[in-house]
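One structure is given here, and the rest of the page talks about it.
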Amino acid sequence: FQAEDGIRDFCLSRGLGDVYKRQECYHVIEITGQQWFWSFECLELSTNLCDTGTESMEVYGSVPVLSLKKGETYLATMTSIDVTHAPWFQHLGTKEDTIPGQQTTLWLPISDSMTDESMVLCSEYCGDAHSVMAAKLITHN
């Protein structure tokens, strides 16, 4: 489903429960796992809704950054280029495998009360540098 302006927002017939702000629509983003880093794609979303970049973090070095807007709900469509990975969004308590040649999905409901910064770690052993496969999630108003 694409809106008239081309933005990939999808409308839901029901909310996600009382814990998260109820949304009539959600935004699609893409996540790709590869030894040993994550790639994030915001598709046609405005930078106010989704933005990406890189940042230096102690121990991890240069890591990808995903910035999402609080009070919005995202559906991540995911795959892997090489082996099975699993992004674990620590402060959301969600994770799902990314599998080579397959598409998996993961709901990312970003509540208004969510912490501003958190880690995204790989929770599926993916080789020698698995322990440093990290990213940063930034949430903003």
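Under 19 Å from the 7 Å Cα→Cβ point of ILE138, by amide nitrogen: which residues of the range 76-119? So the set is 89-92, 110-119. Once backbone amide H atoms are built at 1.01 Å from N, THR54 has VAL65 as its partners under 5 Å, excluding neighbours fewer than 5 places away on the same chain. Distance between the 7 Å Cα→Cβ label points at LEU75 and SER46: 2.2 nm. The string of couplings for the range 120-135 from the Karplus curve (6.51, -1.76, 1.60, θ = phi - 60°) is 10, 10, 7, 9, 10, 3, 10, x, 3, 9, 3, 5, 10, 7, 9, 8 Hz, one whole number per residue in order, with x for Gly and Pro.
Size of the range 84-141: Rg and Dmax of its alpha carbons, in Å, are 12.3, 37.
Close amide-amide hydrogen proximity is noted between LEU43 and GLU30, each under 5 Å apart and 5 or more residues distant or on a separate chain (H modeled in the peptide plane; Pro and chain starts excluded). Label-to-label distance, MET57 versus THR115, with points set 7 angstrom from Cα along the beta-carbon direction: 1.1 nm. Computed over neighbours whose Cβ is under 12 Å from that of PRO64, the net charge equals -2, Lys and Arg +1, Asp and Glu -1. Remark on HIS91: its backbone amide H falls under 5 Å from those of MET119, a criterion applied only to residues 5 or more positions apart or on other chains, H modelled at 1.01 Å from N.
FYI, it's all coordinate maths here, none of it is from the lab. As the structure is a computational prediction, the values presented were derived from the model and not from experiment. All Cβ positions, even for glycine, are placed from backbone atoms using ideal geometry, and neighbour counts span all protein chains on display.
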